[in-house]
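Here is the structure we will look at.
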Amino acid sequence: MFDHVLRCALGVFALAALSWPALAEESPISFVAGPLQGAVAENVKHEGETLAHSAFGAVTSDSAVFKAGAIISWVNWSRLGGHYRWQDDNMVAGLSDEVKDVFDATGFTILESDRRSVNGYFGQYRRISLTGIDRRCGVFALMRRNHLIQGFVCAPSSQPYKLQDVMEGISIDGVIGP
């Protein structure tokens, strides 16, 4: 009798384990406020690369994709080693082109472009409307010393969101947060 109960219990545990929903991937990046608050990190990546011209420099980066309803966002957090600092080279222009290519749009129209401080980081952002598909996107680059947080957020034109709320909602433990 005990053997039968034990086999039945093991069967229930095995069934529960096989049908358990997939757990979220670990990411140091999250959203703690704004329209993506609580969104689960997907397609999480962690990479490290030594700079060719220095034994002391390296670039470490983490990235993840976040979705909340029809809103999708990609965020990349990169850190430079040594005494290196990020240079302001209008990163939002390159991000705008990348977003156009990701969504197979024929082009984009710039709706707004500006600079502002976001949670202690120098920020550049651009809101764009993609041509050929119904998407409005925002691209951003936040810099402070050797940290760079860049990414994009896109949603159908019918679903409004504030790009500033997205940028301010990003949280990285000990690095940035609202």
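The values are calculated or read from the model by the stated rules, or taken from the named source; none is laboratory data. Source: prediction; values computed, not measured. Positions of Cβ are backbone-derived with ideal geometry, glycine not excepted, and every protein chain shown enters the neighbour counts. Protein only, heavy atoms only, side chains kept; ligands, DNA and RNA dropped before computing areas. Shrake-Rupley method; radii C 1.70, N 1.55, O 1.52, S 1.80 Å.
Some values worked out for this structure:
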quantity: Options Ala141, Ala93: the member that is closer than 20 Å to Val32 by Cα, under 18 Å from the mean Cα position of the chain (by Cα) and not aromatic (Phe, Trp, Tyr); calculated: Ala141
quantity: Filter result for Lys162 (under 18 Å from the mean Cα position of the chain (by Cα) and open to solvent by 70 Å² or more (accessible area, probe 1.4 Å)); calculated: yes
quantity: Residue in region 132-153 that is of a type outside the set (Gly, Ala, Ser), in contact with a strand residue (DSSP E or B) (Cβ under 6 Å, 6 or more places away or on another chain), under 26 Å from Pro28 (Cβ atoms) and open to solvent by 60 Å² or more (accessible area, probe 1.4 Å) present; calculated: yes
quantity: Region 156-172 residues that are within 22 Å of Asp134 (Cβ to Cβ) and in contact (Cβ under 8 Å) with a residue 12 or more places away in the chain, paired with ones that are basic (Lys, Arg) and part of a strand (DSSP E or B) (beta carbon under 7 Å, 6 or more apart); calculated: Ser157/Arg136; Leu163/Arg127
quantity: Matching option when the condition is closer than 19 Å to Ser27 by Cα and loosely packed, with under 12 Cβ neighbours inside 10 Å, among Gly48, Gly120; calculated: Gly48
quantity: The listed residue being open to solvent by 60 Å² or more (accessible area, probe 1.4 Å) and either part of a strand (DSSP E or B) or of a type in the set (Val, Ile, Thr) (or both), out of Arg126, Arg79, Arg115; calculated: Arg115
